[in-house]
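What follows is a set of notes on a single structure, which appears directly below.
The values are calculated or read from the model by the stated rules, or taken from the named source; none is laboratory data. In this text the structure is predicted, and so the values were computed from the model without any measurement. Because the Cβ atoms are built from the backbone with ideal geometry, glycine has one as well, and the counts that use them run over all protein chains shown.
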Amino acid sequence: MHVTAIIVAAGKGTRAGGPVAKQWQPLAGQRVIDHTLRAFQDHPAITDIVIVVSDADFDRVADIADNDIAIASGGATRTESVRNGLAACPQADLVLIHDGARPCVSADVISGVCAALGQAQAAAPGLPITDALWHGADGHVVGTQDRSTLFAAQTPQGFDRRALLAAYAQAEGPADDDVAIARAAGMAVAITAGAADNIKITMPADFARAARVLESRMDIRTGNGFDVHAFGPGDYVTLCGVTVPHDRGLVGHSDADVGLHTVTDAIYGALAAGDIGTHFPPSDPQWKGAASDIFLRHAKDMARDRGFTLTHVDCTLICEQPKIGPHAAAMRDRLADILGVALDRVSVKATTSERLGFTGREEGIACLATATLVKS
């Protein structure tokens, strides 16, 4: 069964405040829309995704378009945007239509809708109303409302695609949601279990609430790295990708960049993926003299491919000579560039061993590093 998730993200969302629409604003280390997309990308029942955005926002998602994510143009109303999304997935048997500003949707909510579509043409999650409901006028309670049959509507709302297309063909004017379109065409809609955390970001305070939900689900990994290289012949050393003049060089199979090696091992450690030697054996002659940024980029890409975001790196070089301080800023810049992270997420510092041990005798350089990865 081909199941397409249609993510509607063409609105302006002005009530949420901020310089850009809510779906493009930052949330727990990524954009709101990135969390939303990840929920469907990670779900085994979803075949592919169509994201519907305004033409002015195409550049915001152009880099994520691939065989599994298509982009469709948004319309003047949500109803028009959904029509365009439906047109962009003619291969789909079932569609799940979801608000781009609901980044906390869980796998269980998605699974519930998919399961219900095995027996129904339409299904959507709803959250039973538990608070008392009042009718009010002039600031006073004038009556109550029975809540026993009331639900707060959520997304994704799932449908047989052909049935929903027929319903949209009959629709006149905008509707509150796709369930309203389906019911107007006579379709029965099954109610599946919603979730209190499946909030839609609408007001400024909703960002903090969504961040708390996402952070409670995050897989946070910390990895450590340690490496040592001895001094040998040469007139410079390479540390964290920066050439530092010195009266000796460092000995190693590659370029002996002890800083990059240690950060690389810290990332591999956070992934429980071995170390540099696992992926780039020193017995392999192709790595003789290789630039160590090759190893670090491999570790970075592995983290990304496994769904992790690198949030921080801390690197400490241990040596008497050369002096690291004058070059630390350049090293931070180089590390940030290789890792593709902001400069304020990279730390490079140095210490001595108070003339003790092999570093104190100036026989070599040691390095410690810590890397933090987050998967939401």
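Kindly provide the set of residues from segment 83-95 that are in contact with a strand residue (DSSP E or B) (Cβ under 6 Å, 6 or more places away or on another chain) and either under 18 Å from GLY11 (Cβ atoms) or free of Cβ contacts under 8 Å to residues at least 60 places away in the same chain (or both), ordered by number. Once the filter is applied, which keeps residues that are in contact with a strand residue (DSSP E or B) (Cβ under 6 Å, 6 or more places away or on another chain) and either under 18 Å from GLY11 (Cβ atoms) or free of Cβ contacts under 8 Å to residues at least 60 places away in the same chain (or both), segment 83-95 yields ASN84, GLY85, ALA88. Scanning segment 221-254 for residues that are buried (at least 20 other Cβ atoms within 10 Å of the Cβ) and closer than 17 Å to ARG334 by Cα yields VAL237, THR238, LEU239, CYS240, GLY241, VAL242. Of all the listed residues (ALA152, ALA185), the sole one being of a type in the set (A, V, I, L, M, F, W, C), touching a residue at least 12 places away in the same chain (Cβ under 8 Å), closer than 21 Å to ARG78 by Cα and surrounded by 15 or more Cβ atoms within 10 Å (Cβ to Cβ) is ALA185.
All conditions but one from (1) exposed (fewer than 13 other Cβ atoms within 10 Å of the Cβ); (2) in a loop (DSSP other than H, G, I, E, B) apply to THR144; the one that does not is (2). Do we find a residue being buried (at least 23 other Cβ atoms within 10 Å of the Cβ), in contact with a helix residue (DSSP H, G or I) (Cβ under 6 Å, 6 or more places away or on another chain), over 16 Å from ILE199 (Cβ atoms) and modelled with pLDDT of 95 or more anywhere in segment 97-106? Within segment 97-106 (the criterion being buried (at least 23 other Cβ atoms within 10 Å of the Cβ), in contact with a helix residue (DSSP H, G or I) (Cβ under 6 Å, 6 or more places away or on another chain), over 16 Å from ILE199 (Cβ atoms) and modelled with pLDDT of 95 or more), the answer is yes, since at least one residue qualifies. Of the candidates ALA350, ALA299, ALA303, ALA290, the single residue that is modelled with pLDDT under 95 and surrounded by 13 or more Cβ atoms within 10 Å (Cβ to Cβ) is ALA290. Candidates in segment 22-75 are the residues that are crowded, with 20+ Cβ neighbours inside 10 Å and small (Gly, Ala, Ser); of these, the one that is modelled with the lowest pLDDT is ALA28.
The set of residues in segment 150-176 that are under 25 Å from LEU133 (Cα atoms) and modelled with pLDDT under 95 comprises ALA175, ASP176. Only one entry of THR192, THR202 meets the criterion of being closer than 19 Å to VAL32 by Cβ and in contact (Cβ under 8 Å) with a residue 40 or more places away in the chain, and that entry is THR202.
Just to be sure I understand, how many residues within segment 34-74 are of a type in the set (Gly, Ala, Ser) and more than 19 Å from the chain's Cα centre (by Cα)?
Taking segment 34-74 first, the residues of a type in the set (Gly, Ala, Ser) are 39, 45, 54, 56, 62, 65, 70, 72-74.
Going one step further and asking which of them are more than 19 Å from the chain's Cα centre (by Cα), we end up with 45, 54, 56, 72-74.
Final tally of qualifying residues: 6.
The single residue among THR243, THR192 that is polar (S, T, N, Q) and touching a Pro at 6+ places or on another chain (Cβ under 6 Å) turns out to be THR192.
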